[in-house]
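The structure appears right after this line, and notes come after that.
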Amino acid sequence: MNLDYVKKSFFLKELYSNELDLKGSFISNIDFSYNGPSLLITFHINKIPKKYPEKWKQNCNSFKINFEFSGILDLNFCKWGTNNIIDFQMEYVSGKYDINIFSEEVSLRFKAREILFKTIEPYNI
């Protein structure tokens, strides 16, 4: 995911430069909201950034990152499983983000007008 497209991503850019690879990440939650309408998706990644805050250096080998996708259009949610390790594709077309999240157990495709970084939380597996 190109972080230049993500609002309020300055902290993530410090960690991952401009590119956060979500391929191989695990999705634990997808929350739907009428407000927007929007989706809040929780990604778990184990790609440790080269540089991160000192307080994270203890017991940190994974990160939980929440992104809010708003102005949702053309939502297609076909599969949801327990081993939600995904592939992630995103294109910017005609003022909208075309998001495709898929694997053998997950199939989610939608268009969004905006992507917002919400939170990041380190943890140890």
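The values are calculated or read from the model by the stated rules, or taken from the named source; none is laboratory data. Keep in mind that this is a model prediction, so the values were computed, not measured. Positions of Cβ are backbone-derived with ideal geometry, glycine not excepted, and every protein chain shown enters the neighbour counts.
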Original post:
Within the range 42-60, can one find any residue that is at pLDDT 90 or above and in contact with a Phe, Trp or Tyr (Cβ under 6 Å, 6 or more places away or on another chain)?
Top reply: yes
Subject >> Residue selected from the range 3-57 under the condition in contact with a Leu (Cβ under 9 Å, 6 or more places away or on another chain) and among the polar types (S, T, N, Q), by the criterion nearest to Arg109 (Cα to Cα) >> reply: Ser38
Subject >> Contacts under 9 angstrom Cβ, first residue in the range 86-106 being within 14 Å of Ser25 (Cα to Cα), partner surrounded by 14 or more Cβ atoms within 10 Å (Cβ to Cβ) and of a type in the set (Asp, Glu), 6 or more apart >> reply: Ile86/Glu105; Gln89/Asp98
**OP:** Please specify each residue of the range 107-125 satisfying the condition of being among the basic types (Lys, Arg) and either surrounded by 13 or more Cβ atoms within 10 Å (Cβ to Cβ) or more than 19 Å from Asn29 (Cβ to Cβ) (or both).
**Re:** Arg109, Lys111, Arg113
Subject >> Selected residue [assigned to a loop (DSSP other than H, G, I, E, B) and touching a residue at least 40 places away in the same chain (Cβ under 8 Å)] from Ile125, Ile65 >> reply: Ile125
